[in-house]
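Participant: Attaching a single structure in structure tokens format; questions to follow.
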Amino acid sequence: MDYRYGSHTIFQIEYHFVWVTKYRYKVLTAEVAERVRELVRQVCTTFEIRIVKGVVSKDHVHILVSAPPNMAPSEIMRRIKGNTASRLFEEFPH
């Protein structure tokens, strides 16, 4: 078991998230998929979220993360999806 340590805590909290593109359009291909992967890594590093495993498919993303106990699952997804979506729309308007 891979426990993480805080100042007064020992924890192992893992969440499995799956999110899909609108209408399951297959838009996560080639450079868009690579950019999604990079952006998710950047956001997770910024907020001390450890990625255990992740897969970017053509129409959905799977991610298994280990997060600190002070972050709710909804907060994790708000940060990941919010940051990646806004940057992707700027870089790939199509």
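Participant: Efficiency by 1/(1 + (r/R0)^6): what FRET value for GLU91 and TYR5, r their Cβ-Cβ distance, R0 = 35 Å, to the nearest 0.05?
Facilitator: Values: r = 37 Å, r/R0 = 1.05.
The formula returns an efficiency of 0.40 here.
Participant: Another question, if that's okay. In deg cm²/dmol, rounded to 500, what helix-only [θ] at 222 nm does the chain give when every DSSP H run of at least 4 residues adds -39500 (n - 2.57) and the total is split over its residues?
Facilitator: On the way: 2 runs with 36 residues, N = 94.
Calculated mean residue ellipticity at 222 nm is -13000 deg cm²/dmol.
Participant: Using only Cα atoms, find the angle between the long axis of helix 73-91 and the longest principal axis of the chain, and express it within 0 to 90 degrees, rounded to the nearest 10.
Facilitator: Approximately 30 degrees, to the nearest 10.
Participant: Take the chain, connect every pair of alpha-carbon atoms lying under 10 Å apart with a spring to form a Gaussian network, then pick out the residue of SER57, SER66, SER74 with the largest mean-square fluctuation.
Facilitator: SER74
Participant: While we're looking at this one, here's another question. At most 15 other Cβ atoms within 10 Å and a DSSP loop assignment: could you name the trypsin sites (Lys or Arg not before Pro) in region 1-67 that fit?
Facilitator: Working: sites: ARG4, LYS22, ARG24, LYS26, ARG35, ARG37, ARG41, ARG50, LYS53, LYS58; in loops: LYS26, LYS58.
Passing both the DSSP loop test and the Cβ count: LYS26, LYS58.
Participant: Also, quick follow-up: Evaluate the relative contact order of region 4-91 (contact order divided by residue number), counting alpha-carbon pairs under 8 angstrom at least 6 apart; express in whole percent. The partial results should precede the final answer.
Facilitator: Details: 106 pairs, mean separation 31.2, N = 88.
Relative contact order comes out at 35 percent.
Participant: With θ set to phi - 60° and the Karplus curve 6.51 cos²θ - 1.76 cosθ + 1.60, what are the ³J(HN,Hα) couplings of region 19-24 in order, to the nearest whole Hz, using x for Gly and Pro?
Facilitator: Couplings: 9, 10, 6, 4, 6, 6 Hz.
Participant: About the Cα centre, and with charges only on the beta carbon of Lys, Arg (+1) and Asp, Glu (-1), how big is the dipole of the chain? Nearest 20 debye, please. Could the numbers behind the result be given before it?
Facilitator: Details: 14 positive and 10 negative charges, 46 e Å.
In debye, rounded to 20, the chain gives about 220.
Participant: Within the chain, report the chymotrypsin sites (Phe, Trp or Tyr not before Pro) that DSSP leaves as loop and that have at most 12 other Cβ atoms within 10 Å. Display every interim value, and only then the final one.
Facilitator: Working: sites: TYR3, TYR5, PHE11, TYR15, PHE17, TRP19, TYR23, TYR25, PHE47, PHE89; in loops: TYR3, TYR25, PHE47.
Answer in residue order: TYR3, TYR25.
Participant: Just to confirm the number: angle between the C-alpha axis of helix 30-46 and the first principal axis of the chain, 0 to 90 degrees, nearest 10?
Facilitator: 30 degrees
Participant: Averaged across orientations, what area in nm² does the convex hull of the alpha carbons in the chain project?
Facilitator: Averaged projected hull area, Cα only: 6.2 nm².
Read-outs throughout are calculated quantities, based only on the coordinates presented, and are distinct from any laboratory measurement. Computed from a predicted model, the values in this text were never measured in an experiment. Glycine gets a Cβ as well: all are built from the backbone with ideal geometry, and neighbour counts include every protein chain shown.
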